[in-house]
1. Taking Val136 as the residue in question, decide whether it is over 20 Å from Trp456 (Cα atoms) and either in the same structural domain as His179 (by TED's automatic domain parsing) or more than 16 Å from ligand 1 (Cβ to nearest atom) (or both).
2. Taking the range 380-409 as the search range and keeping residues that are touching an Asp or Glu at 6+ places or on another chain (Cβ under 8 Å), part of a loop (DSSP other than H, G, I, E, B) and not aliphatic (A, V, I, L, M), which one is farthest from Asp311 (Cα to Cα)?
3. Please pick out the residue among Leu35, Leu21 that is surrounded by 17 or more Cβ atoms within 10 Å (Cβ to Cβ) and farther than 21 Å from Asp362 by Cβ.
4. Kindly check whether there is at least one residue in the range 97-110 that is among the basic types (Lys, Arg), within 16 Å of ligand 3 (Cβ to nearest atom) and not in a loop (DSSP other than H, G, I, E, B).
5. Does any residue of the range 174-184 turn out to be part of a helix (DSSP H, G or I), away from ligand 1 (no atom under 13 Å from the Cβ) and either over 20 Å from Ala254 (Cβ atoms) or out of contact with any Pro (no Cβ under 6 Å at 6 or more places or on another chain) (or both)?
6. Specify the residue that is nearest to ligand 3 (Cβ to nearest atom); the eligible residues are those in the range 38-70 that are of a type in the set (D, E, K, R) and farther than 22 Å from Cys364 by Cα.
7. Considering Ala185, Ala191, Ala169, which residue is out of contact with any strand residue (DSSP E or B) (no Cβ under 9 Å at 6 or more places or on another chain) and crowded, with 18+ Cβ neighbours inside 10 Å?
Amino acid sequence: MDLVIKGGTVVTAADHYQADLGVQDGRIVHIGSDLAGRQVVDATGCLVFPGFVDAHVHLSLPVGGLVSTDDFRTGTIAAACGGTTTIIDFISPERGQSLREATDLRRAEADGQAVVDYTLHQTAVDAEPRTLRELVSLASEGYTSLKLYTTYAAEMVDDAAMLHLLEVARDHGIVPLVHTENHAAIEHLKARFLAEGKVEPHYHPLSRPPTVEAEAAYRVITLAGLVGCPVIIAHLTCRETLAAVERAQQAGQAVYAEVTPNHLLLDDELYDLPDFEGAKFVLSPPLRDRSHQAPLWRALARGTLAMVSTDHCPWTFADQKQRGRRDFTRIPNGAPGIETRVPLLYSEGVGKGRLSLHRFVDACATTPARLYGLFPRKGTIAVGSDADLVIFDPDQEVILSHATLHQNVDYCPFEGWTVRGYPRTVIVRGQIVVQDGEFIGPAGWGQFLARQPFNW
Ligand code: URP
Ligand code: ZN
Ligand code: ZN
């Protein structure tokens, strides 16, 4: 065998056991004991996880003349260092642009640059006949998910377009992931605050309160239910949206939801930091007050919240975030996180008794792989699966800091936090890409992943 991982505790969403793993031609070919191979990695004392899957990242995202600061090379190096071996980014068509053309442009940015495996969600900004046709043909090429927005002027679709798009998605095994916030309400509240001279980051969460998110989520869930299409609610942040998701799930509807580490662990008091530092946390939907966090953790533990993604979307504080110094509505939305998701969820989740070890693997690897047509190639440790593996030292303590992380941005939302448990060795398709916290893999090692149709 090419590679053997010896002496670790293998952990999947379902079980854990002591075993050696044998790897040949980038796949797991043997799970047993006393295995021998050309290269041996000693995992004694470590947990061996499947490579983690981050199903919501924005690398080189253009917004209003700015571009998010991690590209497919730097962003995937950071992902790998944090234990993530598969990412899903987005095809981002402009209004009027062909989805096919936007796909080709995005692939040109990613191909040969990414160092972990990658794929892209389609995005539809209209329901014109050309878009519907392209949606279907791209699905047949393995782009089997679709991002929709109910806000952001450049991307949002109205309810009529949403219904058409959901029908096409339903008929072609495409799973929709929807950013749900009520656009009119946000615009109304933003305009009122600005007219009153209320321009600081403090007003960002007040212009997008929980009910604004929950109303749109309820509406999207209702529309998906009407046409019988499964739906994933993106970056759910609050009890109000949770209630809408829970109610639909209890009624038997195929509704799933993702949550981010930011909304599990950070709160809206950060918007009041001095010296405009609140701008670092301007992301949408915004951070909520602390009382939402325990319900989110409980919902994640029991599976009401299906998975954890980062929504990684970094903008520099020193430069790009300053655009909104005198007007919070001009602060580019988003924050970094692609590198810190796994250590934070292990340390704050498993380490603090909020998540079982298996549910942690499930939420950060197995469920995103299943929802997005990558399982069992990705998201688990099994004979035949890709040898994407994270050898994780459960006792290593790391103080998170932008100075030592690999994300290409000048701050970390979790600056100074201590995490216990960190990836020691990260393997993508049998290739060691990270050793002792540093990227050592080949340039452009990542492969594009054509995905299966949705089949939960
Ligand atoms: O603030 C955020 N989340 N920016 C990235 C785009 C999105 O809404 O996911
Ligand atoms: Zn979003
Ligand atoms: Zn996003």
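The values are calculated or read from the model by the stated rules, or taken from the named source; none is laboratory data. What you see is a predicted model; the values in this text were computed from it and never measured. Here Cβ is always computed from backbone atoms with ideal geometry, including for glycine, and neighbour counts include all displayed protein chains.
1. On the way: over 20 Å from Trp456 (Cα atoms): no; either in the same structural domain as His179 (by TED's automatic domain parsing) or more than 16 Å from ligand 1 (Cβ to nearest atom) (or both): yes.
For Val136, the condition - over 20 Å from Trp456 (Cα atoms) and either in the same structural domain as His179 (by TED's automatic domain parsing) or more than 16 Å from ligand 1 (Cβ to nearest atom) (or both) - is not met.
2. Step one: list which residues in the range 380-409 are touching an Asp or Glu at 6+ places or on another chain (Cβ under 8 Å), which gives 386, 388, 400-402, 405-409.
Now drop any that are not part of a loop (DSSP other than H, G, I, E, B), which leaves 388, 400-402, 405-409.
The next check asks that each one be not aliphatic (A, V, I, L, M); those that pass are 388, 401-402, 406-408.
Numbers: Asp388: 22, Ser401: 19, His402: 17, His406: 17, Gln407: 13, Asn408: 15 Å.
This residue is Asp388.
3. Values: Leu21 fails: farther than 21 Å from Asp362 by Cβ.
The conditions single out Leu35.
4. The first filter runs over the range 97-110 and keeps only residues among the basic types (Lys, Arg), leaving 100, 106-107.
Next cut, within 16 Å of ligand 3 (Cβ to nearest atom) only: 106.
Filter once more, keeping what is not in a loop (DSSP other than H, G, I, E, B): 106.
So far as the range 97-110 goes, yes, one or more of its residues are among the basic types (Lys, Arg), within 16 Å of ligand 3 (Cβ to nearest atom) and not in a loop (DSSP other than H, G, I, E, B).
5. Going through the range 174-184, the residues part of a helix (DSSP H, G or I) turn out to be 183-184.
So of that shortlist, the ones also away from ligand 1 (no atom under 13 Å from the Cβ) come out as 184.
Subset that is either over 20 Å from Ala254 (Cβ atoms) or out of contact with any Pro (no Cβ under 6 Å at 6 or more places or on another chain) (or both): 184.
Within the range 174-184 (the criterion being part of a helix (DSSP H, G or I), away from ligand 1 (no atom under 13 Å from the Cβ) and either over 20 Å from Ala254 (Cβ atoms) or out of contact with any Pro (no Cβ under 6 Å at 6 or more places or on another chain) (or both)), the answer is yes, since at least one residue qualifies.
6. Checked the range 38-70; the qualifying residue nearest to ligand 3 (Cβ to nearest atom) is Asp42.
7. Result of the check over Ala185, Ala191, Ala169: Ala185.
A quick yes/no check of all residues on (1) touching a Pro at 6+ places or on another chain (Cβ under 8 Å); (2) of a type in the set (D, E, K, R); (3) modelled with pLDDT under 95:
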{"site": "Val125", "(1), (2), (3)": "yes, no, no"}
{"site": "Glu128", "(1), (2), (3)": "no, yes, no"}
{"site": "Val136", "(1), (2), (3)": "no, no, no"}
{"site": "Thr144", "(1), (2), (3)": "yes, no, no"}
{"site": "Lys147", "(1), (2), (3)": "yes, yes, no"}
{"site": "Thr150", "(1), (2), (3)": "no, no, no"}
{"site": "Ala153", "(1), (2), (3)": "no, no, no"}
{"site": "Ala160", "(1), (2), (3)": "no, no, no"}
